[in-house]
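> Mind looking over this structure? Questions follow.
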Amino acid sequence: MTSLKHMALVLLAALPTMLWAQRDTVVPTTYNFVTRGTKPLYLDVYRPAQPRADSACVVYVFGGGFVAGSRDNHFARSACQSLAAQGFVAVAIDYRLALAKGVSPDSMRLRYASPIFQNAIEVATEDCAAAVAYLWQNADKLGIARNRIVLTGASAGAIAVLQLDYLRANRSTGATWTEAVHELPTDFVPAAVVPYAGAVFAIGGKPRYATPPAPTCFFHGTIDRIVNYNKMRASLHTCMYGPKKLAKIYNRNGYNYWFFRYTDHGHEINAVLPNTIQEFTAFVDAALAGRIMQFDAQCHDTAIKTDEWSHKTVFDLYR
């Protein structure tokens, strides 16, 4: 196992914002993957002009605090166009926004926040599971390999994909929360999970994995206080564990992970997939090759600028 601790990276050649020009080069095809009550949920499939030989697929889950966002907003389109340019079949999915109604600063106080967040994460995770099941069932028609499905997302979407893999890894324990992934195919294991500003919501203590998580590549700002870099307690018995805590668990257990820690950056890192497409692709290639690695780097990327989200907190988000 290779472990590179806290390497200083100066990523001067990261893909610039020219990638925005690629956002309309691939026209996606839309499919209804599940209907919840009377609400149909859709996914957009971006088929690359020059697909990878391994037919790898990347599922992208949008962010927005479980309040807002869509599978076809400009962030999702830019991410999927960038992925398609690398030869991936990119899939942007819908999920239900459980916090879209009735959220207020008062409801986000700690004594109320835990069940509200748990429900929102569970609903999003359940819909992600349904999207994966649809792709699994229609893999031949869509031209994707079932054992090469990668999960990625931004902010709330990053939480959803991390939570999906966490629950998948623990469904053998019979825990109540694993019902959220009951639609996942029994044999499904993500080829990789790549969260941009994500975390795991855990009940009753630190996250524990009954079976190993999928190879995971964390992208996170070290001063992020919306999806906390370290952890944020939601109640006496629940906590959101950010990548600083998760990486310690992965490292201690020998799980396969890379970690790009963006020094002095906050929540703006949730939107940098197009700028980090080379790092993304390198990690997925290593994971698909079966390489067991641990890579941990302090990053300074001149192509990524701080913005209004750099110093905001989760309470600012819901005001």
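> Please rank 94, 285, 140, fewest neighbouring Cβ atoms within 10 Å first, as an exposure proxy. Mind dumping the intermediate values first?
Numbers: 94 26, 285 15, 140 9.
Exposure proxy ranking, most exposed first: 140, 285, 94.
> Given charges of +1 on the Cβ of Lys and Arg and -1 on the Cβ of Asp and Glu, with all other atoms neutral, how large is the dipole of segment 205-278 about its Cα centre, in debye to the nearest 20?
The calculated dipole for segment 205-278 is roughly 460 debye.
> If you don't mind, another one. Work out the charge dipole of segment 2-317 with +1 on the Cβ of Lys and Arg and -1 on the Cβ of Asp and Glu about the Cα centre, then indicate which of 180, 219, 207 is farthest towards its positive end.
207
> Put +1 on the Cβ of each Lys and Arg and -1 on the Cβ of each Asp and Glu in the chain; which of 310, 150, 38 then has its Cα farthest toward the positive end of the dipole?
Projecting each Cα onto the dipole axis, the largest value belongs to 310.
> Right, something else. Indicate, rounded to the nearest 5 percent, the antiparallel portion of the DSSP beta bridges found entirely in the chain.
35 percent
> Considering the chain as a Gaussian network with a 10 Å cut-off on Cα pairs, which listed residue, 172, 235, 78, attains the greatest mean-square fluctuation?
172
> Label-point separation (nm) for residue 187 and residue 68, each offset 7 Å from Cα along Cα-to-Cβ?
Each label point is offset 7 Å from its Cα along the Cβ direction, giving 4.3 nm.
> Using helices alone, what [θ] at 222 nm do you get for the chain, with -39,500 (n - 2.57) per DSSP H run of 4 or more residues, divided over all residues and rounded to the nearest 500?
For the chain, the value works out to -8500 deg cm²/dmol.
> If each residue's Cβ is checked for other Cβ atoms within 10 Å, how do 206, 305, 231 rank with the fewest at the top?
Lowest to highest Cβ neighbour count: 305, 206, 231.
> Something else: Give the order of 188, 33, 62, 280 when sorted by the count of other beta carbons within 10 angstrom, beginning with the fewest.
Ascending number of Cβ neighbours within 10 Å: 188, 33, 62, 280.
> Next up: Given that just one value was derived from the coordinates, which of [x] 63, 42, 30; [y] 51, 49, 37; [z] 77, 53, 33 is Cα extents along the principal axes in Å?
Checking each listed value against the structure points to [y].
> Given charges of +1 on the Cβ of Lys and Arg and -1 on the Cβ of Asp and Glu, with all other atoms neutral, how large is the dipole of segment 34-86 about its Cα centre, in debye to the nearest 20?
Dipole about the Cα centre, nearest 20: 120 debye.
> Still on this structure: Treating only the Cβ of Lys, Arg, Asp and Glu as charged (+1, +1, -1, -1), what charge dipole size does the chain show about its Cα centre? Round to the nearest 20 debye. Kindly include the intermediate steps, with their values, before the conclusion.
Details: 31 positive and 24 negative charges, 151 e Å.
Dipole of the chain, to the nearest 20 debye: 720 debye.
> Taking 0.36 nm per intervening residue step and subtracting the Cα-Cα distance, what contour gain separates residue 292 from residue 145 on full extension?
Stretched fully, the residue 292-residue 145 segment lengthens by 50.8 nm.
We did not get these values from a lab; they are worked out from the coordinates using the rules stated. All figures in this text were calculated on a predicted structure; none of them were measured in a lab. Using ideal geometry, Cβ is built from the backbone for each residue, glycine included, and neighbour counts are taken over all protein chains shown.
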